[in-house]
Amino acid sequence: MNTYHCLIELKPEARALSFAHAVGLWLNHLASLNLVSDWRLMRRKFGLASGRHTDFVLEIEIEGMAALDAAFTALADADDHAVQLYEKMHAMIESAEIGLYRPYPDPSQRERIALI
């Protein structure tokens, strides 16, 4: 299982509950297409954070790299409904930083695998 990890700040005019609703519509749509396994949205508590910690953290679970590739391919060919869901959510985002994580240590120890 891989986790697509997103650190998100909203635009000043965006409402947090509207954003949470839009994220739910978008990611539940992706889950209904079996493009993501699970997801969760978390918000910073009491404004407590240091450094580059953002107001929201979104974690999206994906089975593996093949599933991630399939999700990106499907999103590139999205229908009007999916585009509307995505744009409604994305329009509220001021900035987002992403990372792709995996459980560690993992059985295949990918750090030791190299092409060259």
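The values are calculated or read from the model by the stated rules, or taken from the named source; none is laboratory data. For clarity, every value in this text was computed on a predicted model and none was experimentally measured. Note that we place each Cβ from the backbone using ideal geometry, even for glycine, and neighbour counts take in every protein chain shown.
Here is a yes/no grid of residues against (1) under 14 Å from the mean Cα position of the chain (by Cα); (2) under 18 Å from Leu7 (Cα atoms):
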residue: Asp55; (1), (2): no, yes
residue: Glu59; (1), (2): yes, yes
residue: Ala70; (1), (2): no, no
residue: Ala76; (1), (2): no, no
Among the listed residues Leu58, Leu25, Leu35, which satisfies the condition of being touching a residue at least 40 places away in the same chain (Cβ under 8 Å), assigned to a loop (DSSP other than H, G, I, E, B) and surrounded by 11 or more Cβ atoms within 10 Å (Cβ to Cβ)?
Leu35
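Please enumerate the residues belonging to the stretch 83-98 that are over 18 Å from Pro12 (Cβ atoms) and either at pLDDT below 90 or in contact with a Phe, Trp or Tyr (Cβ under 8 Å, 6 or more places away or on another chain) (or both).
Of all residues in the stretch 83-98, those over 18 Å from Pro12 (Cβ atoms) come to 83-87, 97-98.
Of everything in the stretch 83-98, those that are over 18 Å from Pro12 (Cβ atoms) and either at pLDDT below 90 or in contact with a Phe, Trp or Tyr (Cβ under 8 Å, 6 or more places away or on another chain) (or both) turn out to be Leu85, Tyr86, Ile98.
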Which condition does Gly47 not pass, out of (1) more than 23 Å from Leu10 (Cβ to Cβ); (2) part of a loop (DSSP other than H, G, I, E, B), if it passes all the others?
(1)
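Could you please find all residues in the stretch 1-22 being assigned to a helix (DSSP H, G or I), touching a residue at least 12 places away in the same chain (Cβ under 8 Å) and surrounded by fewer than 18 Cβ atoms within 10 Å (Cβ to Cβ)?
Hits for the stretch 1-22 are Ala16, Ser18, Ala20.
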Hey, can you tell me all the residues within the stretch 78-98 that are over 16 Å from Gly24 (Cβ atoms), in a loop (DSSP other than H, G, I, E, B) and within 15 Å of the chain's Cα centre (by Cα)?
none
